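Since the structure comes first, as structure tokens, the remarks are kept for the end.
The values are calculated or read from the model by the stated rules, or taken from the named source; none is laboratory data. What you are looking at is a predicted structure, and each value in this text was computed from that prediction instead of being measured. Reconstructed Cβ throughout: ideal geometry from the backbone, glycine too, with neighbour counts over all protein chains shown.
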Amino acid sequence: MTKKLFLLLIMLAGLSFAHAQQLPARWDELVASDWGRALKLSDSTCILPIGVLEKHGPHAPMGTDLIRVREYAARATKKEYAVVFPDYFYGQINEARHQPGAFALPERVVWDLLEATCDEIARNGFKKILIVNGHGGNPELLHYFMQTRLEKRRNYAVFLYEPRIDDPDFDKKFAQLSKGDLTKGDHAGEMETSEVLYVRPELVKLDSAKNESGVKQNRLSLPNIYTPIWWYAGYPNHYDGDGSKSTKELGKLEVDHVVTGIAEALRIIKADQQTLKLQKEFFDRVKEQ
Ligand SMILES: [Zn+2]
């Protein structure tokens with residue numbers, strides 16, 4: 001054995017040791033003796049990926065939303081460490097109850113579970129919780145949840161990932177790869193299916209994607225008025241777009257893009273000292289009155 005080869009072997013052994021010492025990001029894969037190290041490395045930051053169980057056209061899995069956000073979290077935490085809370089399927093999904101596979105808990109259970117989950121995450125030492133949502137029926141719930149965090153004092157802060165990324169370079173690449181219309185919505189359509197095709201190809205039945213229509217059905221027209229039946233009116237098949245146009249390449253482009261954004265959000269949140277300080281100041285003042 002040459003001296004060079006020997007040194008190389010030592011280096012490789014060192015690398016694999018360092019790898020073995022790497023902390024899992026997933027809460028459910030951590031051991032208790034590593035908890036303190038996980039809190040330190042994450043700057044007491046935990047990601048809560050949220051999805052639902054709902055039909056995704058005739059071809060994509062029920063868990064599509066959570067599969068996507070969990071994959072984002074898994075990849076983002078390799079770039080910037082944080083702990084990732086286990087599978088959380090319990091968002092708002094009443095609009096899919098006429099279809100097989102929908103799991104819609106009663107409204108107050110959904111609310112209490114989300115609140116209790118955040119409280120329990122914090123009780124375990126986390127000061128910052130980043131919610132990453134994968135389901136289009138959740139934002140109303142999540143925005144109200146966020147605003148009501150000011151209702152009573154808590155010793156932790158909740159953040160919601162809401163990317164407003166202006167990235168012409170990404171848009172250009174996306175337009176080159178996409179066969180559909182960028183401006184339209186997408187539920188189990190080209191974009192969402194592409195992501196699952198990229199991260200879990202074995203779960204997509206692309207041959208079935210044409211078995212139902214994902215074209216909007218104009219069954220209701222109430223300009224400037226919101227009604228919760230809007231989604232059912234337009235998309236009773238729980239399908240918006242055309243999943244048959246999906247490709248792994250488009251999925252990779254989108255997933256990489258989102259992962260970069262989440263890793264950046266984690267860096268910002270971990271470094272942020274101001275939110276908790278202002279929260280404390282706010283509640284101190286509320287108490288005075
Ligand atoms: Zn979805």
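Observations, loosely collected:
- Residue count, the stretch 136-160 (criterion: within 22 Å of residue 272 (Cβ to Cβ) and more than 16 Å from the ligand (Cβ to nearest atom)): 17
- Of the residues making up the stretch 169-212, those that are of a type in the set (S, T, N, Q), at pLDDT 95 or above and more than 16 Å from the ligand (Cβ to nearest atom) are 208, 211.
- Total residues in the stretch 25-47 satisfying the condition of being within 24 Å of residue 272 (Cβ to Cβ) and either of a type outside the set (Asp, Glu) or over 21 Å from the mean Cα position of the chain (by Cα) (or both): the figure is 16.
- Residue match in the stretch 248-262 (condition: outside any helix (DSSP H, G or I) and within 30 Å of residue 39 (Cβ to Cβ)): no
- Against the test of being touching a His at 6+ places or on another chain (Cβ under 7 Å) and either surrounded by 12 or more Cβ atoms within 10 Å (Cβ to Cβ) or within 18 Å of residue 64 (Cβ to Cβ) (or both), the options 180, 185, 214, 136 yield a single qualifying residue, 136.
- Complete set of residues in the stretch 176-230 that are among the acidic types (Asp, Glu) and either over 15 Å from residue 244 (Cβ atoms) or in contact (Cβ under 8 Å) with a residue 24 or more places away in the chain (or both): 186, 190, 192, 195, 202, 207, 212
- Residues located in the stretch 66-91, provided they are more than 13 Å from the ligand (Cβ to nearest atom), surrounded by 18 or more Cβ atoms within 10 Å (Cβ to Cβ) and in a loop (DSSP other than H, G, I, E, B): 80, 81, 82, 85, 88
- Residue tally, condition crowded, with 16+ Cβ neighbours inside 10 Å, among the acidic types (Asp, Glu) and under 21 Å from residue 169 (Cβ atoms), over the stretch 230-281: 1
- Test: residue in the stretch 109-126 that is in contact (Cβ under 8 Å) with a residue 40 or more places away in the chain, touching a helix residue (DSSP H, G or I) at 6+ places or on another chain (Cβ under 9 Å) and surrounded by fewer than 16 Cβ atoms within 10 Å (Cβ to Cβ): yes
- Every residue from the stretch 27-65 that is within 16 Å of the ligand (Cβ to nearest atom) and outside any strand (DSSP E or B): 51, 53, 54, 55, 57, 59, 61, 62, 63, 64, 65
- Selection of first residues in the stretch 131-147 that are over 14 Å from residue 107 (Cβ atoms) and of second residues that are more than 15 Å from the ligand (Cβ to nearest atom) and in a loop (DSSP other than H, G, I, E, B), restricted to Cβ pairs under 7 Å at least 6 apart or on distinct chains, gives the following pairs, ordered by first then second residue: 131/161; 132/161.
- Any helices (runs of 4 or more DSSP H) falling wholly within the stretch 105-217 and containing at least 1 residues that are in contact with a strand residue (DSSP E or B) (Cβ under 8 Å, 6 or more places away or on another chain), of a type in the set (Gly, Ala, Ser) and closer than 30 Å to residue 40 by Cα: 107-123
- Verdict on residue 95 being acidic (Asp, Glu), over 23 Å from residue 201 (Cα atoms) and either more than 13 Å from the ligand (Cβ to nearest atom) or assigned to a helix (DSSP H, G or I) (or both): yes
- Qualifying residue in the stretch 101-119 (condition: over 25 Å from residue 36 (Cα atoms), within 16 Å of the ligand (Cβ to nearest atom) and of a type outside the set (A, V, I, L, M, F, W, C)): yes
- Residue check for residue 105: buried (at least 17 other Cβ atoms within 10 Å of the Cβ) and in contact (Cβ under 8 Å) with a residue 12 or more places away in the chain: yes
- Filter result for residue 130 (crowded, with 19+ Cβ neighbours inside 10 Å, aliphatic (A, V, I, L, M) and away from the ligand (no atom under 16 Å from the Cβ)): yes
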